[in-house]
Amino acid sequence: MTKEYKKIKVGIVVGKMVGGGVESVILNLLKFNDSETYAIDIIIDSDSTNVPAELISTLGGRVKYIPPYQNVIKYQKALNKLFRQENYQIVHANISALNVFPMFSAYICHVPVRIAHNHNLISPDDGIKKNVIKKFLSFFNTVFPNVYIAPTQKSGSWVFKHKDFKVVKNGIDSKRFAFSNKNRKQIRNELKISDNQILMGSFCRFVSYKRIPFALSVFEKLALYNPNFRFLLVGDGPMRTKIQNQVSKSPILSVAVIVLDSRSDIEKYYSALDCYIFPSSMEAFGMTAIEAQTNGLLTFVSTGIPVEAKISRELFKVISGDNSNYWCKTILDSLENMPDRESISNLVAKNDILSSKNMTRNIEKIYNSALLDFYY
């Protein structure tokens, strides 16, 4: 008789699902994992606004809801109860500085493999208070985990300090983000964008360090130069009201800017664009810049986007400083010499430079190695 093996139980702590880049990484991990070996639960805050529960189920995962982390006591109690009930062999936390909370619960519940995965950096736009809290929590983020992961050397060194950590570059499903003329026509029709209009986009969580107000100020100058410019914003977050106020108070922005909620079929919206703007003050990796380049889009980024996000020399355009006139001029000059969209997208997608499959295999190697270290 064939011996029947139990699957390794993994609890992946995601925090709030709001349609961000980290969630995309986790969904890709779930999609490409060895489902014969691992049984994965996605642990999320109950106040999440964009939970692809059906997709998670289709990919073989389970959703586990816990109270929001803002109520620390309820959050810790729920984690303790869940970890004891499910008896995970691996808890993989992906909430950066806040990893200390699930890692503490995993530690006291005797979870063998406790992985702290950091996805962020310190940003001046986050404000003094938030950065002080991040730095304070970082001192405890090396106490309870026994495995440490980050997407870049820089994003790992600030939080894990002297600890040895693994660098695993984030990956995307390149085929999903390849340019589609069908999607372009469909979405532009839905948005009422004509063929002669130039659609710029930015897809992100509406938080201060993403600098959407600055992106709007750049776009306002572009629209003054050429009234055929349009701007598509997709996302949610605490700055949504401020952003909508900035749009509504401007006679230019109010007719040229479209703001949509986060959505699960975001790949279709990249194809509708003509260029992408990403002026974030800091990114640990910059997933949307990678997705945009894979779609063949000229991608205008700030110096806060790490070089690891560059997958195409022709498409990745770094603009220094905060001078909106300079950003405007650089964008206009670049648009005059656009590479062939479809061919470069097909080439990037085919090369699969930052592959989700490779990312998943690398993380699974870490899982297996950590389990072997614990049991043997």
Checklist entry - Tyr326 passes all but one of (1) farther than 24 Å from Asn170 by Cβ; (2) buried (at least 20 other Cβ atoms within 10 Å of the Cβ); (3) of a type in the set (Phe, Trp, Tyr); which number fails? => result (2)
Checklist entry - Do you know which residues across segment 181-208 are open to solvent by 30 Å² or more (accessible area, probe 1.4 Å) and part of a loop (DSSP other than H, G, I, E, B)? => result Lys192, Ser194, Asp195, Asn196, Arg205
Item to check | Lys166 vs. criteria touching a Gly at 6+ places or on another chain (Cβ under 9 Å), open to solvent by 70 Å² or more (accessible area, probe 1.4 Å), closer than 25 Å to Leu27 by Cβ and in contact (Cβ under 8 Å) with a residue 60 or more places away in the chain | outcome: yes
Checklist entry - Do the conditions hold for Asp164, that is, is it among the acidic types (Asp, Glu) and more than 19 Å from Met103 (Cα to Cα)? => result no
Item to check | One residue from Ser138, Ser96, Ser174, Ser157 being at positive phi and within 21 Å of the chain's Cα centre (by Cα) | outcome: Ser96
Item to check | Within segment 116-173, considering residues that are out of contact with any Pro (no Cβ under 7 Å at 6 or more places or on another chain) and hydroxyl-bearing (Ser, Thr, Tyr), the one modelled with the lowest pLDDT | outcome: Ser123
Item to check | Search result, residues across segment 329-376 that are more than 23 Å from Ile198 (Cβ to Cβ), open to solvent by 30 Å² or more (accessible area, probe 1.4 Å) and outside any helix (DSSP H, G or I) | outcome: Asp352, Ile353, Tyr376
Checklist outcome for this item: Here the residues within segment 32-58 that are aliphatic (A, V, I, L, M), over 24 Å from Gly235 (Cα atoms) and either more than 20 Å from the chain's Cα centre (by Cα) or open to solvent by 40 Å² or more (accessible area, probe 1.4 Å) (or both) are Ala39
Item to check | Any hit, segment 19-28, residues being of a type outside the set (S, T, N, Q) and either in a loop (DSSP other than H, G, I, E, B) or more than 16 Å from the chain's Cα centre (by Cα) (or both) | outcome: yes
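The values are calculated or read from the model by the stated rules, or taken from the named source; none is laboratory data. Computed from a predicted structure; not experimentally measured. Here Cβ is always computed from backbone atoms with ideal geometry, including for glycine, and neighbour counts include all displayed protein chains. The area values use the complete protein model at the heavy-atom level, side chains included, leaving out ligands, DNA and RNA. Shrake-Rupley method; radii C 1.70, N 1.55, O 1.52, S 1.80 Å.
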